[in-house]
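The values are calculated or read from the model by the stated rules, or taken from the named source; none is laboratory data. As the structure is a prediction and not an experimental result, all values here were calculated from the model. All Cβ positions, even for glycine, are placed from backbone atoms using ideal geometry, and neighbour counts span all protein chains on display. All accessible areas refer to the heavy atoms of the entire protein, side chains included, with ligands and DNA or RNA removed. Shrake-Rupley method; radii C 1.70, N 1.55, O 1.52, S 1.80 Å.
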Amino acid sequence: MVLNNIDRIEAPPADVFYQEYILPQRPAIITNMFDNSSLRQMDTLEKVRTGLTDIPVQISPNYIANLLDSTSANVPRMMNLGAYLDFLQAQPTTLDICVEYPTPEKLLELLPLNLYQNFNDESDLYSNMFVAASNNYAHLHYDADQRNVLLFQVFGAKRFVLIHPRETQKLDAIEQANLCRTSGIFLENMSEAEKTDFLQYTNAFDAVLYPGETIFMPMMIWHYIEYLEPAMSIAYRLGRNPYNRRLANLFPAPSVDVQSLSLLLQDETQAQLHHLEWLNKLEAVSHSLAGNESDRRDTLNYLSLRIRGQYLGLEPIKNIRELRRREAMLNKSLGGKV
C-alpha cells in the first residue's frame, strides 16, 4: 500500500519553494513544472520511441542485482533510445537499465529548466536520465554530491520512497567502500505489508510519480525507487552553495556523519555564522594529507564523526553495523593513525 503522503502542488514562486521545501528538506511533487515544454507531450513509450529514436544512451545491469550475481558482467554498452525501448518490450523482465546517464543535449532542449535554476551557482547544475523496464528498482541509498534534485517523469509510473537523514540509524547504512551510501535494508524483497510497516517506522515519504509530474528530492535524502511499468525520467541536479560544494569535494564517498553535517550548510547565512570553522579545518587537514589517500580518508571520517557529535550530538547506537563503524574509527584514533 502506497502511503501517498508527499504534497502535490503547483510550482510555487522561487522564494516560497526555497523557504518551505528546500530548507526544511520537505519533498514535493510539482504537477505543472514542465507543462509548456515539448517533452511534456511525449508522455508514452510509443511517442518517445517515434520522436526520439536516434538519441544515444548507455545501458548497464542494475547495479545491486549485478553485485549480488557473481556470474554477471557489468559491461556498459551504447544503444539508440529507440532500439533500447524495443528491447524493453521484447524483454519485459530485463535488468539492463539506463541509469544516471548524462542527459543528451537534444533532450535538454525539449525540457528547459526555467524555474529554481538560480538558487545557487547555475554552472554547477547538471542533468542525467533514467530508463528501465517494469520491476526494476533503485536500492535504498543516498547520493554523494549534496545537490537538490528535480526529477521529471517523461512516461511510465515510478514509486518513490524518501527517508530523511534523521532516520539513518534505522536504515543499517553500509560503510564498505563499494557500497558506501547504501542501506542494508532490502525494500525490494519485502512484502507490501512488511514495506508499509517499515515505511511507517522510518517516517518515510511515499508516492507514485506519473507522467508530466516532477518530484523534488532534497539533497542527501535516502531514496528507494520502483519501476511500476517501463518508465523514463530526466533529473536536474541543482547547483550547490559554495559550502556544500566544498564539503562534497572533500568526501567523494560521504559517510553518514557527512550526510548529517551537509544539512548544516544548506542555509548560507547559518553556514557563515556557525560552521566555517569546522569546514576550514577539514579542508586544512585534507590538504596536509594529500599524499596519502588512506590516511586522508580515515582522518577526515574520524573528524567528521567528532564534529557531528559537537554540533548535532550523537544518537545512542541502535544497530551492530553502526557500533562496529564507530569502534573501527576509535581504534584507528587510539592506534595513532588519526
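Summary of computed values
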item: Residue that is farthest from Y224 (Cα to Cα) [pool: residues in the stretch 54-76 that are at pLDDT 95 or above and in contact with a strand residue (DSSP E or B) (Cβ under 6 Å, 6 or more places away or on another chain)]; result: D54
item: Failed item, numbered, when S38 is tested on (1) of a type in the set (S, T, Y); (2) farther than 30 Å from V16 by Cα; (3) modelled with pLDDT of 95 or more; result: (2)
item: Subset of the stretch 291-333 that is open to solvent by 40 Å² or more (accessible area, probe 1.4 Å) and assigned to a loop (DSSP other than H, G, I, E, B) - its residue that is modelled with the highest pLDDT; result: N292
item: Tally of residues being out of contact with any His (no Cβ under 7 Å at 6 or more places or on another chain) and surrounded by 18 or more Cβ atoms within 10 Å (Cβ to Cβ) across the stretch 175-188; result: 4
item: Residues (at pLDDT below 95 and of a type in the set (A, V, I, L, M)) located in the stretch 153-183; result: A173, I174, A177, L179
item: Answer residue from the stretch 189-226, given it is among the acidic types (D, E) and under 19 Å from G156 (Cα atoms) and is least open to solvent (accessible area, probe 1.4 Å) among those; result: D206
item: Where a residue in the stretch 309-333 is free of Cβ contacts under 8 Å to residues at least 24 places away in the same chain and its partner, wherever it lies, is surrounded by 14 or more Cβ atoms within 10 Å (Cβ to Cβ), with Cβ under 6 Å and at least six apart; result: L323/I317
item: Checklist (1) open to solvent by 30 Å² or more (accessible area, probe 1.4 Å); (2) part of a loop (DSSP other than H, G, I, E, B); (3) under 23 Å from H275 (Cβ atoms) applied to E229, failing item; result: (3)
item: Check on D54, farther than 20 Å from V149 by Cβ and either open to solvent by 30 Å² or more (accessible area, probe 1.4 Å) or not basic (K, R) (or both); result: yes
item: Cross-chain or 6+ apart pairs with Cβ under 9 Å, the stretch 152-164 first and at positive phi, then assigned to a strand (DSSP E or B) and not small (G, A, S); result: G156/V131; G156/Y227; G156/M232
item: Among (1) farther than 20 Å from P252 by Cα; (2) open to solvent by 20 Å² or more (accessible area, probe 1.4 Å) - the single one Q153 does not satisfy; result: (2)
item: Single residue of the stretch 1-51 satisfying the filter (acidic (D, E) and assigned to a loop (DSSP other than H, G, I, E, B)) that is least open to solvent (accessible area, probe 1.4 Å); result: D43
item: Close pairs (9 angstrom Cβ cut-off, 6 or more residues apart or separate chains): closer than 14 Å to Y137 by Cα in the stretch 185-208, open to solvent by 70 Å² or more (accessible area, probe 1.4 Å) and assigned to a helix (DSSP H, G or I) anywhere; result: L187/E194; M190/D197
item: Among residues of the stretch 118-143, those that are in contact with a Lys or Arg (Cβ under 8 Å, 6 or more places away or on another chain), open to solvent by less than 20 Å² (accessible area, probe 1.4 Å) and not hydroxyl-bearing (S, T, Y), counted; result: 2
item: Pick from the stretch 238-290, criterion of a type in the set (K, R) and touching a residue at least 60 places away in the same chain (Cβ under 8 Å), ranking: surrounded by the fewest Cβ atoms within 10 Å (Cβ to Cβ); result: R245
item: Index of the failed condition, A235 passing every other in (1) in a helix (DSSP H, G or I); (2) over 19 Å from N4 (Cβ atoms); (3) open to solvent by less than 40 Å² (accessible area, probe 1.4 Å); result: (1)
